[in-house]
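Only one structure is covered here, and it is reproduced in the block below.
The values are calculated or read from the model by the stated rules, or taken from the named source; none is laboratory data. Since this is a predicted model, take the numbers as computed values, not measurements. Here the Cβ is made from the backbone with ideal geometry for all residues, glycine too, and neighbour counts use every protein chain on show.
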Amino acid sequence: MSDLEFVMLKPETIRQNLVSEILERIEGSGLRIVAMKMIQATNKQAQELYRMHKGKRFYGKLVNSVTRGPVIVMVVKGRSAVKKMREIAGATNPRKAEPGTIRADYGTSLLRNVIHSADSLENSKREIRIFFKSNEIIT
């Protein structure tokens with residue numbers, strides 16, 4: 001059975017013209033993009049996206065990092081989509097990410113790591129609902 005995974009290309013990805021490179025990696029992995037749009041994330045959306053970090057000293061920086069410019073949000077579909085997307089993206093800290101992953105190749109810091117992907121099916125479902133209506137996902 002195919003899973004749905006939430007993915008966000010962060011503002012630095014768009015500023016650095018890395019969108020097509022990252023989309024190629026996602027599609028090249030066998031995952032299918034079933035919803036995608038460029039938006040300006042609101043504070044409310046960003047706060048909900050990172051709610052598990054509320055109260056931590058870096059929470060405000062996380063929220064600011066995805067609201068400082070346009071982002072591309074998408075839903076990808078495929079077998080073990082969450083696991084596969086986490087492997088493609090690499091560790092959150094680009095300095096600790098495996099060579100050849102998106103974050104190792106393009107990320108510059110914990111906050112500027114070019115991509116967000118949900119870490120579990122439960123979080124993916126929650127994150128998809130923050131940014132998409134059900135009729136925007138072509139399954």
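Yes or no: region 6-18 includes at least one residue that is of a type in the set (Ser, Thr, Tyr), within 23 Å of ARG129 (Cβ to Cβ), part of a helix (DSSP H, G or I) and touching a residue at least 24 places away in the same chain (Cβ under 8 Å).
Yes, region 6-18 contains a residue that is of a type in the set (Ser, Thr, Tyr), within 23 Å of ARG129 (Cβ to Cβ), part of a helix (DSSP H, G or I) and touching a residue at least 24 places away in the same chain (Cβ under 8 Å).
What is the one condition in (1) of a type in the set (D, E, K, R); (2) more than 18 Å from LEU121 (Cβ to Cβ); (3) touching a strand residue (DSSP E or B) at 6+ places or on another chain (Cβ under 9 Å) that ARG86 does not satisfy?
In the conditions (1) of a type in the set (D, E, K, R); (2) more than 18 Å from LEU121 (Cβ to Cβ); (3) touching a strand residue (DSSP E or B) at 6+ places or on another chain (Cβ under 9 Å), ARG86 misses (2) alone.
Filter region 99-122 down to residues that are surrounded by fewer than 22 Cβ atoms within 10 Å (Cβ to Cβ), free of Cβ contacts under 8 Å to residues at least 60 places away in the same chain and either in contact with a Cys (Cβ under 8 Å, 6 or more places away or on another chain) or in a helix (DSSP H, G or I) (or both), then give me how many there are.
Going through region 99-122 one residue at a time, the tally reaches 3.
What's the number of the condition GLY69 fails, among (1) part of a loop (DSSP other than H, G, I, E, B); (2) closer than 13 Å to GLU127 by Cβ?
(2)
Does region 75-93 include one or more residues that are among the small types (Gly, Ala, Ser), free of Cβ contacts under 8 Å to residues at least 12 places away in the same chain and assigned to a loop (DSSP other than H, G, I, E, B)?
Taking every residue of region 75-93 in turn, none turns out to be among the small types (Gly, Ala, Ser), free of Cβ contacts under 8 Å to residues at least 12 places away in the same chain and assigned to a loop (DSSP other than H, G, I, E, B).
Can you tell me which condition LYS133 does not meet? The list is (1) modelled with pLDDT of 95 or more; (2) touching an Asp or Glu at 6+ places or on another chain (Cβ under 8 Å), and all the others hold.
(2)
Suppose we keep only residues that are of a type in the set (Lys, Arg) and in contact with a helix residue (DSSP H, G or I) (Cβ under 9 Å, 6 or more places away or on another chain) within region 85-128. Which one would you say is nearest to VAL63 (Cα to Cα)?
ARG112
Inside region 30-64, can you point out the residues that are of a type outside the set (A, V, I, L, M), touching a residue at least 12 places away in the same chain (Cβ under 8 Å) and within 23 Å of GLU136 (Cα to Cα)?
GLY30, ARG32, LYS37, GLN40, THR42, ASN43, GLN45, GLN47, GLU48, TYR50 - these are the residues of region 30-64 that are of a type outside the set (A, V, I, L, M), touching a residue at least 12 places away in the same chain (Cβ under 8 Å) and within 23 Å of GLU136 (Cα to Cα).
With LYS37, LYS56, LYS44 as the choices, which residue is more than 15 Å from the chain's Cα centre (by Cα) and either closer than 15 Å to PHE132 by Cβ or in a helix (DSSP H, G or I) (or both)?
Exactly one of LYS37, LYS56, LYS44 is more than 15 Å from the chain's Cα centre (by Cα) and either closer than 15 Å to PHE132 by Cβ or in a helix (DSSP H, G or I) (or both), namely LYS44.
If only one of SER65, SER80 is polar (S, T, N, Q) and out of contact with any Leu (no Cβ under 9 Å at 6 or more places or on another chain), which one is it?
SER80
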